[in-house]
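Where a number appears in this text, it was derived from the coordinates with a stated rule and is not lab data. Fair warning: this is a prediction, and the values are worked out from it, not measured in the lab. All Cβ positions, glycine included, derive from the backbone under ideal geometry; neighbour counts span all protein chains shown.
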Amino acid sequence: MIQVVGLTKDYGARRAIENLTFEARQGEVLGFLGPNGAGKTTTMRILTGYMPPTAGTARVAGYDVVSESLEVRRRVGYLPETVPLYPDMTVFDYLEFMADLRHLPNADDRVAEVLDVVGMAERADSYIGNLSKGMRQRVGLAQALLHKPEVLILDEPTIGLDPAQVVEVRNLIREIGRDRTVLLSTHILSEAQQLCDRVLIINKGHIVAEDTPENLQARLFGAERVVVRVRGDAEGLEERIAAVDGVQDVERKADGGVEFRFAPGQDVRPQVARAVVQAGYDLLEMRPVGVSLEEIFLQLTRDNVGADASNE
């Protein structure tokens with residue numbers, strides 16, 4: 001579990017994050033989103049004990065990140081965006097070295113186990129310097145998992161991976177998130193939408209939204225969107241749909257479908273379906289159109305375009 005209250009960090013006269021308050025619960029994957037320079041990496045470094053905050057408190061797995069930093073580090077697995085690896089060591093030797101630093105019992109068995117989890121068992125004897133970026137990312141994830149941490153903090157975990165590897169890592173994160181706390185930073189908004197139970201959006205060092213993607217959609221756009229498709233000529237369909245009580249903003253789409261909206265909690269799809277059929281149309285499809293996390297993200301952070309990335 002992660003509990004953050006009033007977290008603030010200054011770099012000289014520049015404030016990177018200000019008064020952040022949030023929590024990530026056990027068995028939850030929390031997506032940490034924001035444009036470059038928003039303060040995501042700064043927050044993660046504080047939570048993992050790499051640097052102290054200027055003000056505020058943070059507790060990870062029940063321990064204070066400043067006064068109980070060593071206890072926090074024992075319980076956190078951290079994958080930074082740029083993984084610090086030793087290129088002249090083999091994969092197995094590097095992970096064994098990391099296991100020894102953590103005083104793990106049966107280190108060889110645990111290394112073999114985690115290599116199998118991240119799909120690197122066949123590359124155990126390869127030198128890290130000879131691995132692709134994606135393979136090195138897997139090694140970094142393996143070291144974060146070595147000690148079976150209660151909390152996993154991942155900064156851009158799928159960066160540099162090929163599509164097949166991305167799917168594997170996402171599945172692994174979902175599995176881990178069932179019984180542990182995962183804080184996941186990503187610029188891939190579709191990834192956050194697929195993986196995360198909740199998302200926290202940070203902009204210019206401030207939290208601007210925290211909720212599930214579905215709830216953010218309802219809060220920001222205030223309506224559900226549905227597309228209707230019929231067989232053949234759809235002439236007059238817009239007017240028929242618009243005549244149904246509760247329907248808002250009817251629009252013909254370029255592909256021939258008709259999109260309409262209705263307020264959350266006032267589902268008018270049954271009435272629309274009846275009106276379409278009674279009007280003599282052959283109804284082929286009535287499909288909800290979800291507002292993407294990308295649309296939500298841009299809506300909340302649009303005034304930060306071109307922000308100075310140095311805040312990270």
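Report, for segment 152-248, the % of DSSP beta bridges that are antiparallel, rounded to 5. Antiparallel: roughly 55 percent of the beta bridges in segment 152-248. Mind pulling the angle between the C-alpha long axis of helix 163-176 and the longest principal axis of the chain? Nearest 10 degrees, somewhere in 0 to 90. That works out to roughly 80 degrees. Across all Cα atoms of the chain, the radius of gyration (one decimal) and Dmax (whole number) stand at 23.9, 74 Å.
Relative to the Cα centre, the charge distribution of segment 220-290, modelled as +1 at Lys and Arg Cβ and -1 at Asp and Glu Cβ, gives a dipole magnitude of about 180 debye. Pairs of Lys residues in the chain that lie 8 or more places apart, or on two chains, and have C-alpha atoms under 27 angstrom apart add up to 6. Helices in the chain, meaning DSSP H runs of at least 4 residues, each add -39500 (n - 2.57). Divided by all residues, the mean residue ellipticity at 222 nm is -9500 deg cm²/dmol. Residues F262, F97, ranked from the fewest to the most other C-beta atoms within 10 Å, line up as F97, F262. Spin-label model, T21/V66: points 7 Å from Cα along the beta carbon direction are separated by 1.8 nm.
Annotation: the antiparallel percentage among DSSP beta bridges lying fully within the chain is about 65. Between Y11 and I159, the contour length at 0.36 nm per residue exceeds the alpha carbon distance by 50.6 nm.
The distance from the alpha carbon centre of segment 104-170 to that of segment 50-85 is 21 Å, rounded to a whole number.
With R₀ set to 45 Å, the beta-carbon distance separating D249 from D88 gives a calculated FRET efficiency near 0.15.
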